[in-house]
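Below: the structure, in structure tokens.
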Number of protein chains: 4
Amino acid sequence: MTTSVSIIGGSGYGGGELLRLLLAHPNVDVQQVTSRSHLGEYVYQVHPNLRKQTQLKFVDPAQIEPVDALFLAQPHGQAQHNIEQYAALAGKIVDLSADFRLRDPALYEKWYGEKHAAPDWLGRFVYGLPELHRAELATADYVSGVGCNATASNLALLPLVKADLIEPSAPVIVEIKVGSSESGAEGNVGSHHAERASVIRTFSAFGHRHTAEVIQEMGLGRVSLTMTAVDLVRGVLATVHAQAKPGAANKDLWKAYRAAASENPFVRVVKESRGVYRVPEPKVLAGSNYADLGFEFDESSGHVVSICAIDNLMKGAAGSAVQCMNLMLGLDETAGLEFMGLHPI
Amino acid sequence: MTTSVSIIGGSGYGGGELLRLLLAHPNVDVQQVTSRSHLGEYVYQVHPNLRKQTQLKFVDPAQIEPVDALFLAQPHGQAQHNIEQYAALAGKIVDLSADFRLRDPALYEKWYGEKHAAPDWLGRFVYGLPELHRAELATADYVSGVGCNATASNLALLPLVKADLIEPSAPVIVEIKVGSSESGAEGNVGSHHAERASVIRTFSAFGHRHTAEVIQEMGLGRVSLTMTAVDLVRGVLATVHAQAKPGAANKDLWKAYRAAASENPFVRVVKESRGVYRVPEPKVLAGSNYADLGFEFDESSGHVVSICAIDNLMKGAAGSAVQCMNLMLGLDETAGLEFMGLHPI
Amino acid sequence: MTTSVSIIGGSGYGGGELLRLLLAHPNVDVQQVTSRSHLGEYVYQVHPNLRKQTQLKFVDPAQIEPVDALFLAQPHGQAQHNIEQYAALAGKIVDLSADFRLRDPALYEKWYGEKHAAPDWLGRFVYGLPELHRAELATADYVSGVGCNATASNLALLPLVKADLIEPSAPVIVEIKVGSSESGAEGNVGSHHAERASVIRTFSAFGHRHTAEVIQEMGLGRVSLTMTAVDLVRGVLATVHAQAKPGAANKDLWKAYRAAASENPFVRVVKESRGVYRVPEPKVLAGSNYADLGFEFDESSGHVVSICAIDNLMKGAAGSAVQCMNLMLGLDETAGLEFMGLHPI
Amino acid sequence: MTTSVSIIGGSGYGGGELLRLLLAHPNVDVQQVTSRSHLGEYVYQVHPNLRKQTQLKFVDPAQIEPVDALFLAQPHGQAQHNIEQYAALAGKIVDLSADFRLRDPALYEKWYGEKHAAPDWLGRFVYGLPELHRAELATADYVSGVGCNATASNLALLPLVKADLIEPSAPVIVEIKVGSSESGAEGNVGSHHAERASVIRTFSAFGHRHTAEVIQEMGLGRVSLTMTAVDLVRGVLATVHAQAKPGAANKDLWKAYRAAASENPFVRVVKESRGVYRVPEPKVLAGSNYADLGFEFDESSGHVVSICAIDNLMKGAAGSAVQCMNLMLGLDETAGLEFMGLHPI
């Protein structure tokens, strides 16, 4: 028996990736996909990889019909205005935007600069990272997506926080390097290839909005995210600098990271002593849902460097969303997410 | 029932891609993979995308045991020296190297500069491009791989030649642009990233060895391949310039290209009048087995430009090899080759 | 004694490159630079390489004052409407746009799709490629710029045409590969880094407007330019396929190419038999005014492949414009154009 | 009057860049350049940008004759074995390798893993960063080069340390992103374009040898350098995270950074509130000797982020070396270093 799903907002990068995953998903039947700017076009005219896969055309959001599960993949700030209407259409909703990621309306207002339009709904959503909320997701009706940079940060921190290995009072510095798909299909003033190629551009030293998700999910007070754009299309690498608690030893870290990998089907530890691929790297994750973790620990100073690589459109967006859907529907957690990634690429 | 397969030569790019496809193939069970230079290493240490997919280690070629189907993915010039031995191990063989692509030993000697070591075997192999030899492949035991540049050229020419639309006596100029994975995992003097990034390097104006495969398969006398390296990892674009026969009209070309797409599951026509993706482009084919075709025709002069984009490691190597295996074994031609490619990438 | 110059249209890529060259030019004093969209901004806010080089700010075109020489670097279609006004401001004008490149108003209308607004002025301009019009430039008051793709094509053809080595009746196929700076600072629908990175995109098979400049300057009737975008920012490579006249020998081509290099300070022949850099490559020309030429000749078939690499913003635009100015003013032809380019890059 | 100079080790990237600068230098005459691996080749066969600039060929190091100034551009560990011999050939020596950067033989042994071969010479060398040692360089005979990563780190720290704005006891975390030219012309196992393109590869979390130069020059005890390779050829960006002293205010930082820019001809502050280029970026520095500095300061937490962008082959190697030579010879500090860099690139 297949589940019927539709996507609100399918012409952006997150929506396109969702569509790719859902079209190939063994238990899902995609009904409708919306886009106002590409109304009436075949979805493959916008997402050329979908040619010969589907004859779906983009429809107007007003035409959406009831389905089992609805994915919202609009720009931030929209879903919160229509959530009642969407809830009337589908029993299960996954919203990829930032609208329902934070539990506290005050935290939302602080980081997003305006009051939340549907604060009562915040408590009804589960934060959509299975590595943090697997059990809750199994019974959830409403699930938020995740910020891609927050996800790389949270997963880099997960083994350390779960094993209680770092000083919560010490500052945690997260250096994040990102590709150009993060700026979305519309791009921005610096997205032109001639300006964006070969960059190392630290476009935000402090204050990235995804910081709020790290604070909320990791319970850490002093966290900063520093964002640097580099030359690739897909991928995020988070390098976390933290201070270990006194007495923490290298073997404790190994144990914590191995536990993360064994408990989570899409987490791997990459820490090799030879060859080209010794550390986590996002480029080999393009299209895959894996989060690759690595670490280095200077026992003498207690300085821990924890690294997480993901594909921002997969584990950092559409991949985690589908993984959540699988859990919500009682399907195999990895269904439709088996693509291994490519080498070389 | 699954088919047992092994790969001779699994640490190169073609072998790695084969391994990725075969590990995910629903009807196949990978037994052994060889590599002398990486003997004893886990395959995922060389191909990082295979981590958590398999615990296979590279073994010595001498340790290979009998299987249903054997893939040979060694450098050119090796398989022809061991073909008897390999044929004793497996009833079905697909050789990705250039050793058995040409039917005529004289043609082999002309283009490869030395006598063939097993000329009697040349006639027993079928050229492994399903779009050209689907029926023969269904009953073949021995199948050669295809040259990636030859494949892009042959598929760009296929609709034109099949519909008898071009002048066979006029020169056919094929301009090919290629990525860095074409030079193989070992690379060459110009493979260093600092020398290879941002290049437009016409490394061969005439005489590329794959020309022989275009001559053989298309039956065209005056064909030249001009090779230009550009900055991407995976991908080939062949731009063919040919002279149409008098009377050929635009609609004849449309018909010919549409026929190619309808007869072949992995051929698509890309010819849009708006949007970003109006023409075939290899970047959206990374990891997919599609060949995207397009054309422009100047009716007044008869100048035809035919374009084919492929992933050189897929349709140009491992993908076609698996497609051949599917045909040889009576499986669904597209089994294990469903990956759609990514957008953006 | 220095020459006073101003630039109309300085915020685009051509204008910025002109500014870089003129600020460093030993015989020139830059007075004013215009930009409506960046009015009042420091030029270094748009062109970050000019920081600490000048305190010039962009002014309105209406504020331009009389100078010795005026450069027009606006989008195509503008200069022809204001040429009288500009001629009143400066005795010497170099227009980088396409407005005054063609001598024949009918040819302009054919390729640009509208009537020329100042057809009487077409005959007063000299086509600004010193390799073709050095003597005329020395006495010219009005000089057009050159199309970057036309320049790569014309210089690739120059030795062959000048030595009368190719069949004028045979088709000449020019395959051009270009970087992203060609689309201008405003970019276009496909300029977003995520869509433009790693492309091999044949965006125009026939009919590129620069074809008209090749027809005009080379006197060849059957020329086609096929345009392919590849992943680099600066650079054009033109690969010309032509048919040699009967009897032409390899040594004739060597002689013709060497002559081009010895007669022109910015032309070099690149044809090495070993090392990485055996052929002309645009990447090592970034910022330099050189045109690197190479060729391969198949004596048996008469097929000539001629290659020219340039930096589209230098030899293909601002560099040639400054070279023309030097000639117009009786300065050393190479003044201000000495930058060698970088290796690696 | 010109100064005669020669280069020991001219086929690598540092040596090639030196050669480019010295060939164009108005006060210098290049005599000889050595390379064992390219003996007898024209220098332009290795460095294609030097074609038509010089007819110099690589000679054997044993053939080097006395000159005014000698540059050593060999791999690390060689100059220390021949320093006596070189000192007999030239009164002024600049060694670009790591051999004479550290003053303390024990520090050398700790970071380089072996005893120094000429410890008596360590005290005779001045560390070759003019921004730190301008006065000493004016009277120096022996000058070391600088580590490229150390230079980006030291210059990012310079304003903060000089104005005594940061806590010396708090850890200083330097996140460095680098291009592929850092691995040298020989490259390494991961240099193949197909493996190196699109990477974000944190190849060293702790312990990079250049750390020793930051410790020595900045007098900071707790410094770590974390190295991440990204996809560009030339360029380093250092992002320094430090803790400000209590009471430090944003205006104090502005004052410190502006002072650095006004005291040093090749230092600029980049901190804009609009446009594409708001922060220091290495890509626009390719070929230039500038160090661009920027900062962000969170007054509430005292967290300072200081950024420095350089071209690793220029300010991080050959450019600083020529700047030192200028000072040693009493020439204009900026002679031969005027190239502005390119935009776009």
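Read the figures in this text as sums done on the coordinates, not as results from a lab. Note that the coordinates shown come from a computational prediction; the quantities given were computed from them, not determined experimentally. Backbone-built Cβ (ideal geometry, glycine too); neighbour counts: all protein chains shown.
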In terms of the ratio Rg/(2.2 N^0.38 Å) built on C-alpha atoms, what value belongs to the protein assembly as shown?
0.91
Sorted by chain and then number, the residues having a modelled amide H within less than 5 Å of the amide H of C:Lys92, at least 5 places away or on another chain, are C:Leu70
Using a Gaussian network model of chain C with C-alpha springs under 10 Å, which one of C:Gly16, C:Gly316, C:Gly184 is most mobile by mean-square fluctuation?
C:Gly184
Global size of the stretch C:264-339 as Cα Rg and Dmax, reported in angstrom:
14.7, 48
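Out of all DSSP beta bridges in chain D, what portion is antiparallel? Express it as a percent rounded to 5.
Just about 45 percent of them are antiparallel.
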What gaps in nm, shortest first, separate B:Lys52 from its twins in the other copies when you place the label 7 Å past Cα toward the beta carbon?
3.1, 4.7, 5.5
Express in whole angstrom the spacing between the alpha-carbon centres of the stretch B:138-178 and the stretch C:144-206.
26
Trypsin sites (Lys or Arg not before Pro) restricted to the stretch D:179-242 and DSSP loop, no more than 15 other C-beta within 10 Å
D:Arg222
Using the Cα centre as the reference, give the magnitude of the dipole from point charges on the C-beta atoms of the stretch D:149-312 (Lys, Arg: +1; Asp, Glu: -1; all else neutral), rounded to the nearest 20 debye.
220
Calculate how many DSSP beta bridges within the protein assembly as shown are antiparallel, expressed in % of all such bridges and rounded to the nearest 5.
45
Determine the shielding of peptide A:223-232 by partner chains: average, over its residues, the number of Cβ atoms on other chains within 10 angstrom of each Cβ.
6
Tell me, rounded to the nearest percent, the portion of alpha carbon pairs in chain B spaced more than 30 Å apart.
34
Mind checking the stretch B:249-314 for trypsin sites (Lys or Arg not before Pro) that DSSP puts in a loop (not H, G, I, E or B) and that have at most 14 other Cβ atoms within 10 Å?
B:Arg274
Taking each label point as 7 Å beyond Cα in the direction of the beta carbon, state the distances from A:Ser169 to the same residue in the other copies, shortest first, in nm.
1.4, 9.3, 9.4
Non-local residues with an amide H under 5 Å from the amide H of B:Phe266, with H modelled 1.01 Å from N and Pro and chain starts lacking one, are none
Within 10 Å of each Cβ in A:313-326, the average number of Cβ atoms from other chains
0
Quick calc, the stretch B:269-345, dipole around Cα centre from Cβ unit charges on Lys, Arg (+) and Asp, Glu (-), nearest 20 debye, gives 180
Nearest-20 debye value, the stretch B:1-92 charge dipole, Cβ charges on Lys, Arg, Asp, Glu
300
Note down the relative contact order for the stretch C:62-148 as a percent, whole number, built from C-alpha pairs under 8 angstrom at least six residues apart.
30
Relative contact order of chain A, pairs being alpha-carbon contacts under 8 Å that are 6 or more residues apart, as %:
17
Any lysines with Cα under 24 Å of the D:Lys245 Cα? List them, leaving off those in the same chain fewer than 8 positions away.
D:Lys162, D:Lys255, D:Lys271
If you draw the axis that swings chain A onto chain C, which residue of A has its Cβ closest to it, and how far is that in whole Å?
A:His193, 2
Just the Cα atoms of the stretch A:148-306: what Rg and Dmax do they give in Å?
16.0, 50
Mean separation of Cα contacts under 8 Å (at least 6 apart) over the residue count of the stretch C:149-312, i.e. the relative contact order in percent, is 30
Are there trypsin sites (Lys or Arg not before Pro) in the stretch A:66-140 that DSSP puts in a loop and that have at most 12 other Cβ atoms within 10 Å, and which ones?
A:Lys115
Applied in sequence order to the stretch C:44-61, the curve 6.51 cos²θ - 1.76 cosθ + 1.60 (Karplus, θ = phi - 60°) yields integer Hz couplings, x standing for Gly and Pro, of 6, 6, 9, 10, x, 5, 8, 4, 6, 9, 7, 9, 4, 10, 5, 10, 6, x
Would you be so kind as to identify which of D:Gly77, D:Asn250, D:Leu155 lies farthest towards the positive end of the dipole of chain D, taking Lys and Arg as +1 and Asp and Glu as -1 on Cβ and the Cα centre as origin?
D:Asn250
Semi-axes of the equivalent ellipsoid of the stretch A:146-215: what are they in whole Å, largest first, if each equals the square root of 5 times a C-alpha gyration tensor eigenvalue?
29, 12, 10
For B:Gly123, go 7 angstrom from Cα along the Cα-to-Cβ vector, then report the distances to that same point in the other copies in nm, smallest first.
7.4, 8.4, 8.7
How are the C-alpha pair distances of the stretch B:3-123 spread across 10 Å bins, as whole percents from the shortest bin up?
14, 44, 30, 12, 1
Whole-Hz Karplus ³J(HN,Hα) for the stretch D:164-173, in order, using 6.51 cos²θ - 1.76 cosθ + 1.60 and θ = phi - 60°, x for Gly and Pro?
6, 9, 10, 5, x, 7, 7, x, 10, 9
For the stretch C:95-133 and the stretch B:1-64, what is the separation of their Cα centres, given in Å?
62
Sequence order, the stretch C:26-39: Karplus ³J(HN,Hα) from phi using 6.51 cos²θ - 1.76 cosθ + 1.60, θ = phi - 60°, Hz rounded, Gly and Pro as x, gives x, 10, 10, 10, 7, 8, 9, 9, 10, 6, 6, 6, 10, 3
